[in-house]
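The values are calculated or read from the model by the stated rules, or taken from the named source; none is laboratory data. Not measured: the values here are computed from a predicted model. Glycine also receives a Cβ, built like all others from the backbone with ideal geometry; neighbour counts cover every protein chain displayed.
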Amino acid sequence: MLHSFEYNTTEAKIQGLSIQAGELFADLYKDSQASASDVDNALEAYKSLRRILPLEKFSGRHMGATAAHKATQGESR
């Protein structure tokens, strides 16, 4: 199986969901009204989605790591 979002729509969907989960985590983290358990659950959802993706050959990081990390920092918009 080729590991590229161009060739694998399932992995592309997982990447998209991980970006959304990362953005949700960032929003909840910044929200003083959000409960700690909601923040923790959003982070766990993000991490679970990231773990599904294969590792990149040279970096050892999961595919799309840079974009996903930016989402958790509120930088993807």
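Within the range 5-51, the set of residues being over 15 Å from residue 74 (Cα atoms) and touching a residue at least 40 places away in the same chain (Cβ under 8 Å) comprises 5, 11, 15. Tell me whether the range 28-41 contains one or more residues that are more than 10 Å from the chain's Cα centre (by Cα), assigned to a helix (DSSP H, G or I), among the polar types (S, T, N, Q) and at negative phi. Taking every residue of the range 28-41 in turn, at least one turns out to be more than 10 Å from the chain's Cα centre (by Cα), assigned to a helix (DSSP H, G or I), among the polar types (S, T, N, Q) and at negative phi. Would you say residue 74 is surrounded by fewer than 19 Cβ atoms within 10 Å (Cβ to Cβ) and in contact (Cβ under 8 Å) with a residue 24 or more places away in the chain? In short, yes. Which one is farthest from residue 19 (Cα to Cα), of the residues in the range 30-77 that are at pLDDT 90 or above and in contact with a Phe, Trp or Tyr (Cβ under 7 Å, 6 or more places away or on another chain)? Out of the qualifying residues, it is 39.
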